[in-house]
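Everything on this sheet refers to the single structure shown next.
The values are calculated or read from the model by the stated rules, or taken from the named source; none is laboratory data. Everything numeric in this text was worked out from a predicted model, so none of it was measured. Backbone-built Cβ (ideal geometry, glycine too); neighbour counts: all protein chains shown. Ligands, DNA and RNA are excluded from the accessible area calculation, which covers all protein heavy atoms including side chains. Shrake-Rupley method; radii C 1.70, N 1.55, O 1.52, S 1.80 Å.
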Amino acid sequence: MAGNSQRRNRRNPGSKKGASVGTGGHSRKALQGKGPTPPAEARKGHPKQRAANAALKRERDAKARGGMRRAGGAPRGGRGGAGAAELVVGRNSVVEALRGGVPATALYVMQFIDTDDRVREAFQAANDRGLPLMEAPRPQLDQMTGGLNHQGLVLQVPPYEYAHPEDLLETAADAGEDPLIVALDGVTDPRNLGAVVRSAAAFGGHGVVIPERRAAGMTAGAWKTSAGAAARVQVARATNLTRALEGYQKAGLMVVGLAADGEAEIGDLDALSGPVVIVVGSEGKGLSRLVSETCDLTVRIPMPGETESLNAGVAAGIVFYEAARLRAAR
């Protein structure tokens, strides 16, 4: 009987009676510690880990979209660095951009798009310019455009390569001319920037300077308003506009600011016939205090009418015309 009980205990180690069978050291690792408790973000299934994974996914998606928008070449090189790439979205906007000669790297077209006159014109313009037509499903275009109403057409515009303010001096020197430059202070409408670039091209200007922050950049809208002039006139971007103007002063240029209460009238300013940079402020606020204090002189455009101020595009056009007139008379 005792032998039978002992055999049963060997088969059933959990029995309270008799000797139990040993492990032979096989479970020695189970007795070792597992180290400190991992942080919540590293624990599988923990809410903080799920939140961290979701944030990482959003960051990766944003980088992927940014990489897609940055694809493509740039219209011109320079020391000023590249701007951000842009997507022109919607049938009317895409057709107008293609009509205006806006540089582009690709035309994205939604699969199974319903064609109309605008779609056919966009296809024809893209083919004429040798732009690749990229067919994409609606979800991809929705992701590219951030959910905007793209209507099945998305035009990819390459990042603009801004010049450095010093490059404009080199452009004038290469042409054997006194520099004629315009700087924009606080102008935030891309259409005004495009109009200024167009005036500079029409009247022999050597370039346009804009601040890096709180100012309009060379977007598709600016390209379109310039009517192709942006391909011939450099746009420079300055990290600090005041320092850029001081650099021009050291190079021998006179800095003249346009202001409603200017010291002289534009028609009496002989400085326009020499090396000069004209500073144009925003329509509402005019020149900022620091920029105004940096100017060697402020001038006004006489206006007999009741209009209190002109937008930057019109004001710059008047100044460029007056400068061209004085330089032609020398």
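List of remarks:
- Of L155, L148, L169, all but one fail to be outside any helix (DSSP H, G or I), touching a residue at least 40 places away in the same chain (Cβ under 8 Å), among the aliphatic types (A, V, I, L, M) and open to solvent by 20 Å² or more (accessible area, probe 1.4 Å); the exception is L148.
- Taking every residue in segment 97-123 that is on the phi < 0 side of the Ramachandran plot and pairing it with any residue that is among the acidic types (D, E), at least 6 positions away or on another chain, the pairs with Cβ-Cβ distances below 7 Å are V109/E135; Q111/E135.
- Any hit, segment 129-141, residues being open to solvent by less than 60 Å² (accessible area, probe 1.4 Å) and touching a Lys or Arg at 6+ places or on another chain (Cβ under 9 Å): no
- Sole exception among (1) touching a residue at least 24 places away in the same chain (Cβ under 8 Å); (2) under 25 Å from H164 (Cα atoms); (3) out of contact with any Gly (no Cβ under 6 Å at 6 or more places or on another chain); (4) open to solvent by 30 Å² or more (accessible area, probe 1.4 Å) for K250, by number: (1)
- Residue match in segment 188-201 (condition: surrounded by fewer than 22 Cβ atoms within 10 Å (Cβ to Cβ), under 19 Å from the mean Cα position of the chain (by Cα) and more than 25 Å from A324 (Cα to Cα)): yes
- Just one of the listed residues (A195, A200, A222) is free of Cβ contacts under 8 Å to residues at least 60 places away in the same chain, among the small types (G, A, S) and either assigned to a helix (DSSP H, G or I) or under 16 Å from E86 (Cβ atoms) (or both), namely A222.
- Hits in segment 224-268 (condition: within 16 Å of I181 (Cβ to Cβ) and among the acidic types (D, E)): E246
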